[in-house]
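The values are calculated or read from the model by the stated rules, or taken from the named source; none is laboratory data. What you see is a predicted model, and the numbers here were worked out from it, not measured in a lab. Note that we place each Cβ from the backbone using ideal geometry, even for glycine, and neighbour counts take in every protein chain shown. Ligands, DNA and RNA are excluded from the accessible area calculation, which covers all protein heavy atoms including side chains. Shrake-Rupley method; radii C 1.70, N 1.55, O 1.52, S 1.80 Å.
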Amino acid sequence: MPESVLRLIVNGRPQQLVAADEMTLLEVVRDRLHLHGTKDGCAAGSCGSCTLWVDGVPRLACVTLAKTVQDCEIVTIEGLAGWWGKQHAADAAELHPLQAAFAEQGAVQCGFCTPGMVMGGAALLRDTPSPSRAQIQEALSGHLCRCTGYEQIIRAVQAAGRRMLDEA
Amino acid sequence: MMPLRPLAVVTPRGEEELLRSLAVEGAVPLGGGSDLIPGLSWELASGDALVSLAGVPALRRTDALADGSVCLGAAVTLAEVARHPLILGAYPALADAARAVGSWELRAQGTIGGNVCLATRCRFRNQPPLWRDALQTCYQSGGDVCHAAPASRTCVAILSGDTVPALAALGAQLEIWGHAARRLPIEDFYSGDGAHHISLAKGELLAAIHLPADPPTAAFRKWRARESIDFPEANAAVSAVWREGAWRAPRVFVSAVGPAPVRVVAAEALLDGADWSEDLLRAAGELARKAVHPYDNGQLNVAGRQIAVRGLVARALGDLQNARRERGL
Ligand SMILES: Cc1cc2nc3c(=O)[nH]c(=O)nc-3n(C[C@H](O)[C@H](O)[C@H](O)COP(=O)(O)OP(=O)(O)OC[C@H]3O[C@@H](n4cnc5c(N)ncnc54)[C@H](O)[C@@H]3O)c2cc1C
Ligand code: SF4
């Protein structure tokens with residue numbers, strides 16, 4: 001069974017582990033690094049709940065083979081606040097503004113889709129500080145939520161975007 | 001998630017190593033994996049060694065060539081295609097088609113080569129293994145029956161890549177590497193048999209897509225169940241050149257209605273040099289509807305998909321008219 005030494009920087013920390021070639025990034029993150037915030041939903045690229053960042057780009061961990069992201073920087077939901085804090089040295093953040101907005105706007109019910117939604121939404125806000133409703137819908141179109149009806153989620157992204165602009 | 005069965009992942013850095021890796025028995029090209037990985041996990045695809053194309057610089061390039069054409073490497077992602085200035089400038093219909101694929105995350109991962117080579121899809125096959133166990137094994141899985149078209153001797157699964165009709169309407173050529181390099185128009189790449197839908201020999205891969213210099217004006221349209229991430233239930237692209245007061249050399253392609261794109265020659269004949277009135281565009285749409293014969297293996301029903309084809313073609317032709325007026329021609 002082919003395996004190799006995998007080197008990743010996960011949430012700012014270098015990680016090295018031996019992994020079988022067929023391991024997905026989702027298996028590495030959840031089963032080997034025990035970061036369970038990244039969810040294992042459909043495992044087929046359809047639901048978006050396994051979204052994390054690979055070198056800053058939101059990607060689906062379930063359809064990404066770990067070996068193909070050798071030496072990349074991974075940010076998962078557990079590391080998002082840390083990433084945000086680093087961008088804003090003054091602000092020792094416990095939460096990324098979008099995480100706070102999700103809580104305030106009631107954008108979380110069962111919570112299963114939330115980490116993926118937040119990782120997708122945070123990347124959108126990083127690249128597009130004041131997104132239109134259509135841009136938010138497009139960016140989050142790969143994320144399924146079976147509880148909220150999406151309205152509160154869209155409002156949370158808008159609210160976080162406004163707050164981030166005000167504080168910038 | 002269901003772990004994948006043991007396999008090797010090969011990550012060549014250069015062309016020679018790439019071709020050598022692909023020549024090995026059981027080797028399969030790996031683009032972004034957005035279709036191949038779910039396919040492997042549902043036992044729809046097979047392969048002992050996945051050869052990643054992402055590390056081969058020649059496959060990652062988008063180059064404007066001296067003759068005015070553009071060469072798009074097969075491992076360029078759909079997100080890159082959709083935002084590249086060369087594509088947005090000269091081939092906006094291709095950018096539209098790339099943007100119509102899946103979700104933001106899928107476009108960041110999926111490649112244009114993977115989209116062109118994408119496995120065909122069928123409601124009776126793209127299901128988890130347990131679901132499929134209830135059905136007799138069909139042609140595409142090595143059996144001798146087709147649940148979608150019981151009278152058919154071959155698989156009629158659906159070619160679902162959204163960029164295919166756009167590339168065909170633009171007159172794109174595919175550059176294939178293997179024992180020898182070869183080039184062919186994209187519409188000749190598809191065999192019409194859903195189980196072996198692309199003409200690649202063992203060890204070959206799609207290396208690049210060539211977009212012509214002085215491209216025609218083109219437009220792409222897609223119909224799907226949910227506007228968000230779904231595969232096409234039908235898609236269409238048209239192109240033509242505005243010369244001496246009329247549209248010339250029209251190309252009309254409909255796809256996602258069978259294993260290969262359908263060129264609607266009758267509509268092209270009707271449109272060439274004619275006065276493009278609304279009625280004419282509708283008539284062209286009707287010819288397209290008659291030219292396609294979808295089977296009941298998509299998500300939406302056959303009649304709906306046929307009617308959609310009529311509308312997609314008529315509207316895409318209308319898009320060309322609008323583009324012309326915007327340019328003041
Ligand atoms: C939820 C979901 C929704 C989707 N929606 C759409 C959609 O709306 N429209 C659409 O078109 N697609 C859709 N897709 C499919 C897929 O994401 C895209 O088609 C993508 O472009 C595939 O590219 P890839 O690089 O990920 O392909 P891969 O998964 O890497 O490969 C796909 C196939 O092509 C072969 N291959 C890849 N590159 C080459 C090459 N250069 N030469 C020869 N063979 C090659 C592989 O061996 C494999 O058989 C969807 C997928 C999912 C999971
Ligand atoms: S079209 Fe027929 S043979 Fe092909 S996958 Fe569907 S059921 Fe199987």
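In terms of the mean number of neighbouring beta-carbon atoms within 10 Å, the peptides A:14-26, B:32-44 order highest first as B:32-44, A:14-26. To the nearest µm²/s, what D does Stokes-Einstein give for segment A:27-168 at 37 °C and 0.692 mPa s, using the Kirkwood radius over alpha carbon pairs as Rh? Translational D for this selection: 216 µm²/s.
Direction-averaged projected area, Cα convex hull, segment B:184-280: 8.7 nm², rounded to one decimal. Model label sites at residue B:299 and residue B:28, defined 7 Å from Cα along the beta-carbon direction, differ in position by 2.3 nm. Dipole magnitude for chain A: about 220 debye, using +1 per Lys or Arg Cβ and -1 per Asp or Glu Cβ, origin at the Cα centre.
Work out the FRET efficiency for residue A:166 and residue A:134 from their Cβ-Cβ distance, taking R0 = 22 Å, and round it to the nearest 0.05.
Once the sixth-power term is evaluated, E becomes 0.45.
When chain B is described by a simple charge dipole with +1 on each Lys and Arg Cβ and -1 on each Asp and Glu Cβ, the residue from B:19, B:284, B:156 located farthest towards its positive end is B:284.
Quick check on segment A:3-77: what does the Kirkwood estimate of hydrodynamic radius come out to from the alpha carbon pairs, in Å?
In segment A:3-77 this quantity evaluates to 11.9 Å.
The P(r) of segment B:56-197 has a tail past 22 Å containing 47 percent of all C-alpha pairs.
In the complete set of protein chains, residue-level accessible area for residue B:24 is approximately 80 Å², probe 1.4 angstrom. Heavy-atom accessible surface of segment B:56-211, averaged per residue, reaches 38 Å², computed with a 1.4 Å probe. Dipole size of segment B:217-326 about its Cα centre, with +1 on Lys/Arg Cβ and -1 on Asp/Glu Cβ: approximately 160 debye, rounded to the nearest 20. Work through the residues other than residue B:61 whose Cβ is under 14 Å from its Cβ and net out their charges, Lys, Arg +1 and Asp, Glu -1. Charge balance near residue B:61 sits at -3. Of the residues B:3, B:231, B:34, the one whose Cα sits farthest toward the positive end of the charge dipole of chain B, with +1 on the Cβ of Lys and Arg and -1 on the Cβ of Asp and Glu, is B:231.
For segment B:93-193, the relative contact order comes to 27 percent (Cα pairs under 8 Å, sequence separation of at least 6). Solvent exposure of segment A:3-77, expressed per residue, is 36 Å² of accessible area, with all protein chains present and a 1.4 angstrom probe. Taking the chain by itself as reference, segment B:37-71 contains these residues with an accessible-area loss of 40 Å² or more in the full protein complex (1.4 Å probe, heavy atoms): B:37, B:38.
Just reorder A:157, A:57 by solvent-accessible area, largest first, 1.4 Å probe, all chains present.
If we order A:157, A:57 from most to least accessible, we get A:57, A:157.
Between residue A:16 and residue A:87, residue separation times 0.36 nm minus the direct Cα-Cα distance comes to 23.0 nm.
Alpha-carbon geometry of segment A:93-167: the Rg and the Dmax are 11.0, 33 Å, given in that order. If both residues of a DSSP beta bridge must be in chain B, then about 85% of such bridges are antiparallel.
Of the peptides B:59-72, A:64-77, how do they stack up when ordered by the mean number of other Cβ atoms within 10 Å, highest first?
Numbers: B:59-72: 15.7, A:64-77: 21.3.
Averaged packing, sorted descending, gives the order A:64-77, B:59-72.
Given R0 = 45 Å, the distance between the Cβ atoms of residue A:109 and residue B:45 translates into a calculated FRET efficiency of 0.80.
About its Cα centre, the dipole of segment A:93-167 is roughly 160 debye, where the only charges are +1 on Lys and Arg Cβ and -1 on Asp and Glu Cβ. Relative to one another, the C-alpha centroids of segment B:198-235 and segment A:31-81 are positioned 28 Å apart. If a spin label sat at a point 7 angstrom from the Cα of residue B:325 along the line to its beta carbon, the backbone N atoms of segment B:269-300 nearer than 17 Å would be those of B:275-282. Packing-based ranking of B:164-175, B:202-213, B:131-142 yields B:164-175, B:202-213, B:131-142, ordered from highest to lowest mean Cβ neighbour count within 10 Å. Mind checking which lysines have their Cα closer than 20 Å to the Cα of residue B:202? Skip sequence neighbours fewer than 8 apart in that chain. Excluding near neighbours in sequence, the set is empty.
Would you tell me the mean number of C-beta atoms belonging to other protein chains that fall within 10 Å of each C-beta in A:17-24, as a whole number? Please report the intermediate quantities before stating the final value.
Values: counts 0, 0, 0, 6, 9, 11, 3, 6.
Rounded to a whole number, the mean comes out at 4.
The relative contact order of segment A:3-77 comes to 38 percent, based on Cα pairs under 8 Å that sit 6 or more residues apart.
Expressed as a fraction of 2.2 N^0.38 Å, the C-alpha radius of gyration for the protein assembly as shown is 0.99.
Local charge sum around residue A:72 (other residues, Cβ-Cβ under 12 Å, Lys/Arg +1, Asp/Glu -1)?
0
Taken along the Cα-to-beta-carbon direction at a fixed 7 Å, the label points for residue A:71 and residue A:42 span 3.4 nm.
With each run of n ≥ 4 DSSP H residues scored as -39500 (n - 2.57), what mean residue ellipticity at 222 nm is computed for chain A after dividing by its residue count and rounding to the nearest 500 deg cm²/dmol? The partial results should precede the final answer.
Numbers: 5 runs with 57 residues, N = 168.
Value at 222 nm, helices only, nearest 500: -10500 deg cm²/dmol.
With the convex hull constructed from alpha-carbon coordinates only, chain B shows a mean projected area of 17.0 nm² over all directions. Chains A and B together bury roughly 2400 Å² of accessible area, counting both sides, with a 1.4 Å probe on protein heavy atoms only.
Take B:295, B:91 and sort them by solvent-accessible surface of the protein heavy atoms, 1.4 Å probe, largest at the top. Intermediate results must be reported in sequence, preceding the final value.
On the way: B:295 95, B:91 5 Å².
Greatest to least solvent exposure: B:295, B:91.
Convex hull over the alpha-carbon atoms of segment B:217-326: what's its volume per residue in Å³?
Per residue, the Cα convex hull of segment B:217-326 comes to 94 Å³.
For B:197, A:34, B:179, the ranking by accessible surface with the largest value first comes to B:179, A:34, B:197, using a 1.4 Å probe.
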